[in-house]
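The values are calculated or read from the model by the stated rules, or taken from the named source; none is laboratory data. Bear in mind the structure is a predicted one, so any value in this text is a computation, not a measurement. All Cβ positions, even for glycine, are placed from backbone atoms using ideal geometry, and neighbour counts span all protein chains on display. All accessible areas refer to the heavy atoms of the entire protein, side chains included, with ligands and DNA or RNA removed. Shrake-Rupley method; radii C 1.70, N 1.55, O 1.52, S 1.80 Å.
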Amino acid sequence: MGHQCPLHIIDTVEVEGYRGDIVFETRATMSIRYKFLIPAVVGLLTLGVVTAALASTIFSDALSREARRSHEAQIDAIGLETDLVARRSVELASVLAGLPAVREAYEKASQGNIDDEDDPQVQAAREALRRDLREVVSRFNRDSGRHALRVHFHFPNARSFLRAWRTKQTQ
């Protein structure tokens with residue numbers, strides 16, 4: 001089967017009993033250059049789109065992985081810093097709890113009613129501890145270069161005994 005071209009009938013003619021059509025044949029002619037160029041361009045465009053889509057996916061995945069790693073590293077750093085602060089706080093609390101002034105204040109307060117914040121024995125122990133800690137807190141703040149040390153003492157019943165950063169127990 002040969003190449004079929006579209007045919008256009010222009011007129012019908014009859015000669016000596018024979019009937020015939022005048023036909024105009026249209027043939028799409030394309031140079032050989034375009035026969036190779038068009039499929040090559042279409043192929044290159046398709047390849048470009050596919051490559052761009054793949055590159056975008058790969059880049060997006062890499063970016064997501066890097067962001068995840070960065071966030072995990074930040075979370076780990078925060079966890080380490082939190083652990084360090086917690087250890088230092090426990091160490092400092094241990095040192096302060098062992099001070100003779102702290103022990104004496106708790107002994108004096110326990111002779112009163114620790115459930116009553118206005119008890120004179122508890123109030124006297126509180127003021128003595130505030131006075132004795134003032135120098136320790138002041139020296140710590142000066143030597144450490146940190147913000148104000150905020151020491152808070154409690155009784156075993158969870159009632160506040162002393163907030164060392166305040167000049168009075170309640171403000």
> Order of 117-123, 40-46 by packing, highest average Cβ count within 10 Å first?
Replying inline: 117-123, 40-46
>> Amide H of W165 versus every other amide H placed in the peptide plane: which residues, excluding those fewer than 5 positions away on the same chain, fall under 5 Å?
In response: V151
> Order of 57-67, 153-163 by packing, highest average Cβ count within 10 Å first?
Replying inline: 153-163, 57-67
>> Given a 1.4 angstrom probe, what's the average accessible area per residue across the range 108-152, in square angstrom?
In response: 67 Å²
>> Using only the Cα atoms of the chain, what are the Rg and Dmax in Å?
In response: 46.7, 145
> How large is ³J(HN,Hα) for each residue in the range 94-107, as worked out from phi by the Karplus curve 6.51 cos²θ - 1.76 cosθ + 1.60 (θ = phi - 60°), to whole Hz, x for Gly and Pro?
Replying inline: 5, 5, 5, 5, x, 5, x, 5, 5, 4, 4, 5, 5, 5
> Carbon-plus-sulfur fraction of the accessible area of the chain, 1.4 Å probe, in percent?
Replying inline: 58 percent
> Can you give the net charge of the other residues whose Cβ lies under 14 Å from the Cβ of A101, counting K and R as +1 and D and E as -1?
Replying inline: +2
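Sorted by mean Cβ packing within 10 Å, highest first, what order do the peptides 126-132, 99-105 take? Don't jump to the answer; show the numbers that get you there.
Values: 126-132: 17.4, 99-105: 15.3.
With the highest mean Cβ count within 10 Å placed first, the list reads 126-132, 99-105.
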